[in-house]
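What follows is a single structure, written as structure tokens, with notes after it.
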Amino acid sequence: MVFDAKAPSFRHQAYEGYKAGRAPAPEDFPRQLALIKELVDLLGLTRLEAPGYEADDVLATLAKRAEKEGYEVRILTADRDLYQLVSHRIAVLHPEGHLITRSGFGRGTA
């Protein structure tokens, strides 16, 4: 599981107004996120946070490395920005069950 680190990313350093127009997170979001991270740890899953990088940058790097090594990659996310990674070996599984692949958009759990 990959999460954004608390530290600003390189994009924040390069562009002062990065995400300036984005609506603030819901008030209860930090507590929900803390609970999710705690659950990930309790389940023994690997949790990554890379200071200076956003989660999607880390996911993209890992996905492309795995693809290069011949692995089939599935990314579970609702972030449409990651759809640009879709290739013959990388697919995106939306939490609603839609599998986005090079051949299209369908339902699936692969």
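Readers should treat all values here as calculations from the given coordinates under stated rules, not as data from a laboratory. None of the values given here were measured: they were computed from a predicted structure. All Cβ positions, glycine included, derive from the backbone under ideal geometry; neighbour counts span all protein chains shown.
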### Message
Under 5 Å between amide hydrogens, which residues at least 5 positions from ASP4 or on another chain qualify, with H placed 1.01 Å from N in the peptide plane?
### Response
ALA55
### Summary
Residue by residue through region 62-68, the couplings from Karplus 6.51 cos²θ - 1.76 cosθ + 1.60 with θ = phi - 60°, in Hz, x for Gly and Pro, are 5, 4, 5, 5, 5, 4, 4
### Task
For region 71-110, go through all pairs of different Cα atoms, get the mean of 1/r, take its inverse, and jot down that Kirkwood value in Å.
9.7
### Message
At a 10 Å Cβ-Cβ cut-off, how would you order GLU69, GLU38, GLU49, fewest neighbours first?
### Response
GLU69, GLU38, GLU49
### Query
From the phi of every residue in region 46-54, what ³J(HN,Hα) in whole Hz does the Karplus formula 6.51 cos²θ - 1.76 cosθ + 1.60 yield, where θ is phi - 60° and glycine or proline is x?
6, 10, 10, 9, 10, x, x, 10, 8
### Query
Considering only LEU99, HIS88, THR77, whose Cα is most displaced toward the positive end of the charge dipole of region 71-110, charges sitting on Cβ of Lys, Arg (+1) and Asp, Glu (-1)?
HIS88
## Note on the structure
Sorted on mean Cβ neighbours within 10 Å (highest first), peptides 21-34, 75-88 come out as 75-88, 21-34
### Per-residue HN-Hα couplings for region 28-39 [Karplus 6.51, -1.76, 1.60; θ = phi - 60°; Hz; x = Gly/Pro]
8, 4, x, 5, 4, 4, 4, 5, 5, 4, 4, 4
